[in-house]
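Working notes, structure below.
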Amino acid sequence: MAMHLNLFTMNAPEHVSPGSWTYPGDGSTRYTDLEYWTEVARTAERGGFDAVFFADVRGIYDVYGGDRYTALERGVQTPSNDPQLLVPAMAQVTDELGFAVTRSTTYIHPYQLAREFSTLDHLTDGRIALNVVTSYLESAARNLGLHERMDKETRYDRADEFLEVCYALWESSWDEDAVRVDADAGVYTDPDGVSSIDHDGECFTVPGPHGCEPSPQRTPVLYQAGSSDRGREFAAANAEAVFASQPTEAGVREYMADLRTRAETYGRDPDSLRFFIGVVPIVGETEELAQAKYESYEDHVDVEATLALLSGFLDMDLSKLDPDQKVEHIETEAIQGTMNAFTRSQPDREWTVREVAQFCGLGTTSPKIVGTPETIADELEYWHEEIGVHGFNVKEVVRPDSLRDFVDLVVPELRARGLLSESQPGQTLRERLYEEDEPRLPADHPGAPERRANVSPSP
Ligand SMILES: Cc1cc2nc3c(=O)[nH]c(=O)nc-3n(C[C@H](O)[C@H](O)[C@H](O)COP(=O)(O)O)c2cc1C
């Protein structure tokens with residue numbers, strides 16, 4: 001299995017390295033400029049990336065200090081624009097690059113999402129993935145019609161039903177040959193080839209049918225990053241690719257083994273899960289140059305902004321804690337993976353609040369890999385070959401220089417070692433990820449028509 005790469009980014013001037021927008025020459029403030037994104041797409045494609053992976057949040061980071069002041073002042077994932085709208089323009093300037101877009105099952109309707117992603121799958125010729133999240137910011141809930149955030153269990157129950165509706169729309173509503181385009185007979189679509197889905201559940205009522213004809217992948221490639229017990233269940237049942245947020249080898253190994261075991265209980269081949277970890281590569285032509293670059297990046301870390309970001313991730317006001325206080329494990333209603341990264345996955349080490357903020361200031365919980373192209377390739381090769389991680393979500397610090405450095409310096413080394421996945425023209429994102437000639441969901445996936453035949457009303 002080849003090594004797969006995603007560029008992990010956000011349609012915002014700041015993503016996961018708070019303060020880096022102040023770095024001399026950083027171009028993040030161009031995020032409102034479409035040319036910035038088409039350039040990113042071209043560079044990522046040149047570097048053999050499988051996809052650009054867009055994080056996205058709704059709401060504002062207002063947990064730290066109990067208000068939004070720091071988030072606004074320091075640019076903590078704010079302002080931010082919608083990532084989905086960038087995709088057609090980025091797809092047009094590329095041929096093989098995929099796009100993974102984060103969408104929340106908590107605040108939108110599945111009929112709407114199914115339509116948007118069918119459209120994107122058509123427009124990109126099957127290069128689209130959906131990162132399914134349930135959202136963690138209370139401020140998002142307040143803006144989107146709820147008085148408070150739903151608890152995690154309820155969010156994931158809703159997410160289960162949400163995907164159930166989407167699977168029915170994408171996979172079962174239109175027969176493969178329903179679209180006839182027979183001008184002589186005056187038949188565009190054979191009405192008998194299109195079925196209602198008649199979904200009537202706890203959260204959604206959707207009679208269907210789907211409004212879109214089948215797209216190349218039908219269901220987009222499904223990404224997920226759940227880390228809590230309930231989140232892992234959801235990922236094991238539905239995700240094709242998962243994003244582990246642990247910074248340690250032991251933490252990643254535990255996560256992989258656990259998700260594989262859980263996937264089996266859903267009747268899925270455990271080896272069909274694809275695991276990605278986040279990494280922050282900081283590369284220089286020599287070790288000294290790389291180290292100097294790392295130190296200059298560290299100097300620009302905005303510790304207070306990082307605390308504001310982490311307060312949102314953990315749903316805990318870190319301004320109230322003594323910076324030298326030890327971090328104690330909690331179960332959070334927000335992102336469990338961020339908590340686990342410093343507690344469960346590192347039982348032998350104690351972290352203070354200050355240390356966590358300093359570590360997370362560059363790419364949050366992900367390992368930082370500093371060195372020459374060879375050093376970075378060695379490290380990635382180790383995670384890939386020895387630990388069995390399929391791919392990496394590459395996190396930038398300075399934009400777009402971090403991406404360019406990686407593409408110009410590290411990618412040639414990965415290619416020279418024959419490690420990198422190279423796409424074939426016309427391949428869908430799913431075919432590229434699985435390295436198989438099959439654009440549709442695997443038959444053992446709960447959304448696949450073979451499986452759905454047992455659980456849904458007959459079409
Ligand atoms: C690495 C990683 C990236 C994530 N990216 C996003 C994101 O872009 N938007 C979002 O709303 N949630 C994001 N999440 C949140 C999760 O997808 C999930 O909804 C949340 O963590 C709550 O579930 P959990 O505690 O089971 O992880 C991310 C989580 C992790 C670990």
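In the stretch 1-137, how does Rg compare with the Kirkwood Rh, expressed as the Rg/Rh ratio over alpha carbon atoms?
Checking Rg against Rh, the ratio lands at 0.98.
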For the stretch 223-331: span of alpha carbons on each principal axis (Å, largest first): 49, 42, 21
GluC sites (Glu not before Pro) restricted to DSSP loop in the stretch 325-384 with at most 11 other C-beta within 10 Å: Glu328, Glu331
Normalised contact order of the chain, rounded percent, pairs of Cα under 8 Å and 6 or more residues apart: 23
Rounded, prolate or oblate (a/c below 1.5 giving rounded, otherwise prolate when a/b exceeds b/c) for the stretch 298-447 by Cα gyration tensor: prolate
Under 5 Å, built H, 5+ apart or other chain: amide partners of Ile282: Ile369, Val370, Gly371
Under Karplus coefficients 6.51, -1.76 and 1.60, residue-wise ³J(HN,Hα) of the stretch 432-445 in Hz, glycine/proline x: 5, 5, 8, 6, 9, 8, 8, x, 9, 3, x, 4, 8, 7
List Asp317, Asp50, Asp67, ordered by accessible area with a 1.4 Å probe, largest first: Asp67, Asp317, Asp50
23 Å tail of the calculated P(r), the stretch 86-223, as % of Cα pairs: 42
Integer Hz, Karplus 6.51/-1.76/1.60 couplings in order for the stretch 203-219, x for Gly and Pro: 9, 9, 10, 9, x, x, x, 5, x, 9, 6, x, 9, x, 9, 6, 7
Potential extension, Glu213-Glu148 segment - 0.36 nm per residue separation minus Cα distance: 19.7 nm
Span from the the stretch 202-254 Cα centroid across to the the stretch 128-183 one, whole angstrom: 10
Förster-model FRET efficiency, 56 Å R0, Glu385 and Tyr188, C-beta, rounded to 0.05: 0.65
Cα centroid separation - the stretch 285-311 against the stretch 395-423, whole Å: 20
The chain: Rg to Rh, with Rh as the Kirkwood radius over Cα pairs: 0.96
The stretch 150-263, Rg to Rh (Cα coordinates; Rh as Kirkwood inverse mean 1/r): 1.13
Area of Glu436 that stays accessible when all protein chains are in place (1.4 Å probe, Å², to 10): 110
Per-residue SASA entry for Thr124, accessible area with 1.4 Å probe, Å² rounded to 10: 0
Residue order for Cys203, Cys212 - accessible surface, 1.4 angstrom probe, largest first: Cys203, Cys212
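How much accessible area per residue does the chain have, counting only protein heavy atoms and a probe of 1.4 Å, in square angstrom? Each step should come with its number before you reach the end.
Details: 18220 Å² over 459 residues.
With the other protein chains kept in place, the chain gives 40 Å² per residue.
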Listed residues Asp444, Asp378 arranged by accessible area, highest first, probe 1.4 Å: Asp378, Asp444
Zone residues, the stretch 129-153, relative to Asp82, backbone N less than 15 Å from point 7 Å out along Cα-to-Cβ: 144
Amide H contacts under 5 Å for Gly98, placed H, 5+ residues apart: Ala51, Val52
Ellipticity estimate at 222 nm from DSSP helix runs (n ≥ 4, -39,500 (n - 2.57)) divided over the chain, nearest 500: -10000 deg cm²/dmol
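The values are calculated or read from the model by the stated rules, or taken from the named source; none is laboratory data. Treat the numbers as computed from the prediction; the structure is a model and nothing was measured. Positions of Cβ are backbone-derived with ideal geometry, glycine not excepted, and every protein chain shown enters the neighbour counts. Accessible surface areas use protein heavy atoms only, side chains included; no ligands, DNA or RNA. Shrake-Rupley method; radii C 1.70, N 1.55, O 1.52, S 1.80 Å.
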